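*Asks:* Encoded as structure tokens, here's the structure I'll be asking about.
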Amino acid sequence: MLPTNLKLPRNNVLCIDMRSFYASVECMKNNLDPMQDMLAVVGDKKRSGSIILAASPRLKKKHGIKNVSRFFELPDDPDIHIVEAKMGDYLQVSMEITKLVNQYVPKEAIHQYSVDELWVTVNGLEKLYGDSWQVARMIKAELLETMGLTCSIGIGDNKFLAKVVMDLYAKETGIAECRYEDVEKMLWPVPIEQIWGIGKRMMRNLNRMGIVTLGQLADFPVERLKKRFGIMGEQLYWHAWGIDSSPVIGDFQKQEQKGFGHGITLLRDYRGDEVFACILDLCEEVCRRARTAGQTGRTVHLGIGYSRENGGGFSRSRSVALPTNITMEIYKVCMQLFREFYDGVSKIRRVFVTLDNLANDEETQLDLFMDKTKQKDLGYVMDQIRQKHGAASLLRATSFTDLGVTLNRTHKIGGHKA
């Protein structure tokens, strides 16, 4: 049980989730009704195995289509509209939504969680607009009136409560509220796998401990949870009581960069002797991002995922003596890891490269036996040319072969067409 003298912070936090966001934006672009028409957003209409990124509510209800379904699973229904994803459009609309919310609250009260979801702290708006419900109704109505988009809104004393009540209740009712006093009734009977922040692996671990519902998690000794899961176990315990100490006001855009990573799921299976061009392209992008941030790194990670036929893969890392953001140095380490841990026969479908253990570039020491200045300057010059003339204006020769991935990705955002 919680201490009786525990003082819990009280805030008015909204969690706003745009319903079927990609599909709704495409419906509005095509003069369709997001709630009544059937529309599917796919990554690539030319690939039958392409993932359905979004489906309108009616398509989900009538045909059981989910966001993880494949293009070929769509039924032969003439009423279904099929469009390719345009990530640039969704990002633009997302920014417009944030601007609309910014009319009600200052920027430091807005925490963008994803392209279609955000938290908004509406403390102190009672004299202007009314209570949290009235503010939520105003935002919901204005989004529908000005953009034609529907949303679900959760209201809580903190971000966790607002998010969870939005997931569990507001998606059915439009707006829902959960305060500390409501946790036992509204959240404790819920299976833990339905609670935000608890994935399948954690669910299985908790189930083995006899914890099936959030209420059982709240009654479990916090010391045992901490011993089993560390700081995460303690956070789970407090969340089970509806307590979340994360800030609701602040600069949520500025975050400490811990590393630079870039990965890709390949359009086809690659042989071991083909993947070098893909690795080089990924190293180039990782180092470009590091240079743009004025950072270098000492630890290089290479991840390889084998095709579904083979299964498995590996993820290994290696540190270098001096921090670097030079593409060919990172590439050399990646190829060493690849040759050392690749099984030699499996087809490859996923590749990622990460650079971390960061340091400021100006703090990097020079190697007495190798003049890196020219190599570093070359990287920065290449970055400047690409920034001025476009990402595809200057590429390595291997990027223009059918083994490279950069040329195809320059026209995409988040792996999908811009």
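The values are calculated or read from the model by the stated rules, or taken from the named source; none is laboratory data. Just so we're clear, the structure is a prediction, and the values are computed from it rather than from any experiment. Using ideal geometry, Cβ is built from the backbone for each residue, glycine included, and neighbour counts are taken over all protein chains shown. Heavy atoms of the whole protein, side chains included, go into the accessibility calculation; ligands, DNA and RNA do not. Shrake-Rupley method; radii C 1.70, N 1.55, O 1.52, S 1.80 Å.
*Asks:* Taking Cα atoms of the range 1-159, Rg/Rh with Kirkwood Rh, to two decimals?
*Replies:* 1.07
*Asks:* Contour minus end-to-end for Leu128 and Glu234, with contour as 0.36 nm per residue of separation and end-to-end as the Cα-Cα distance?
*Replies:* Details: separation 106, 0.36 × 106 = 38.16 nm, distance 3.85 nm.
Extending this stretch completely gives an extra 34.3 nm.
*Asks:* Further question: Can you list residues from other chains, or at least 5 along the same chain, whose modelled amide H is less than 5 Å from the amide H of Ala54?
*Replies:* HN-HN under 5 Å from Ala54: Val41.
*Asks:* Give the residue from Trp238, Gln194, Thr292 lying farthest towards the positive end of the charge dipole for the range 190-331; charges sit on Cβ (+1 for Lys and Arg, -1 for Asp and Glu) and the dipole is referred to the Cα centre.
*Replies:* Of Trp238, Gln194, Thr292, it is Trp238.
*Asks:* Shifting gears a bit: On the protein heavy atoms, probe 1.4 angstrom, tell me the percent of accessible surface of the range 47-195 carried by carbon and sulfur.
*Replies:* Percent of accessible area from carbon and sulfur atoms in the range 47-195: 52.
*Asks:* Follow-up. Please calculate how many Å² of accessible area the range 1-83 carries per residue, with a 1.4 Å probe and no DNA, RNA or ligand atoms counted. Mind showing how you got there, number by number?
*Replies:* Values: 4620 Å² over 83 residues.
Per residue, the range 1-83 has 56 Å² of solvent-accessible surface.
*Asks:* Give me the one-decimal nm value for the distance between modelled label points at Gln336 and Asp251, 7 Å along each residue's Cα-to-Cβ direction.
*Replies:* Result for the modelled spin labels: 3.8 nm.
*Asks:* Would you mind computing, in nm to one decimal, how far apart the modelled labels at Gln36 and Lys61 are, each placed 7 Å from Cα along Cα→Cβ?
*Replies:* Placing both labels 7 Å beyond Cα along the Cβ direction yields 1.3 nm.
*Asks:* Which value, in Å² and to the nearest 10, is the accessible area of Tyr129 when all protein chains are kept and the probe is 1.4 Å?
*Replies:* About 70 Å², rounded to the nearest 10.
*Asks:* Relative to the Cα centre, what is the charge dipole magnitude of the range 190-272, using +1 at the beta carbon of each Lys and Arg, -1 at the beta carbon of each Asp and Glu, and rounding to the nearest 20 debye?
*Replies:* Details: 12 positive and 8 negative charges, 105 e Å.
With only Lys, Arg, Asp and Glu charged at Cβ, the dipole is about 500 debye.
*Asks:* What accessible area per residue, rounded to a whole number of Å², is obtained for the range 159-310 using a probe radius of 1.4 Å?
*Replies:* 51 Å²
*Asks:* Next question. Which order do you get for Thr213, Thr265 if you rank them by accessible area with a 1.4 Å probe, largest at the top?
*Replies:* Sorted descending by solvent-accessible area, the residues read Thr265, Thr213.
*Asks:* Report the accessible area of Phe338, computed with a 1.4 Å probe over the heavy atoms of all protein chains in place, in Å² rounded to the nearest 10.
*Replies:* Taking all protein chains as shown, Phe338 has close to 10 Å².
*Asks:* Let me ask something additional. Filter Lys62/Lys347; Lys99/Lys226; Lys61/Lys159; Lys107/Lys258; Lys200/Lys332; Lys66/Lys332 down to the pairs with a C-alpha to C-alpha distance above 31 Å, please. All intermediate terms of the calculation are to be shown ahead of the outcome.
*Replies:* Working: Lys62/Lys347 38 Å; Lys99/Lys226 41 Å; Lys61/Lys159 29 Å; Lys107/Lys258 24 Å; Lys200/Lys332 37 Å; Lys66/Lys332 41 Å.
Long pairs (Cα-Cα over 31 Å): Lys62/Lys347; Lys99/Lys226; Lys200/Lys332; Lys66/Lys332.
*Asks:* Further, regarding this structure: Given a 1.4 Å probe and the protein chains all in place, what does the accessible area of Arg204 round to, in Å² to the nearest 10?
*Replies:* The accessible area comes out at roughly 110 Å².
*Asks:* Note the per residue figure in Å³ for the convex hull of the C-alpha positions in the range 122-223.
*Replies:* About 117 Å³ per residue, rounded to a whole number.
*Asks:* Next question, about the same structure. For Val320 and Val212, FRET efficiency with R0 = 60 Å and r from the beta-carbon atoms, rounded to 0.05?
*Replies:* 0.80
*Asks:* If you plug each phi of the range 224-233 into the Karplus form 6.51 cos²θ - 1.76 cosθ + 1.60 with θ = phi - 60°, what whole-Hz ³J(HN,Hα) values come out, in order, with x for Gly and Pro?
*Replies:* 6, 5, 5, 5, 7, 10, x, 4, 5, x
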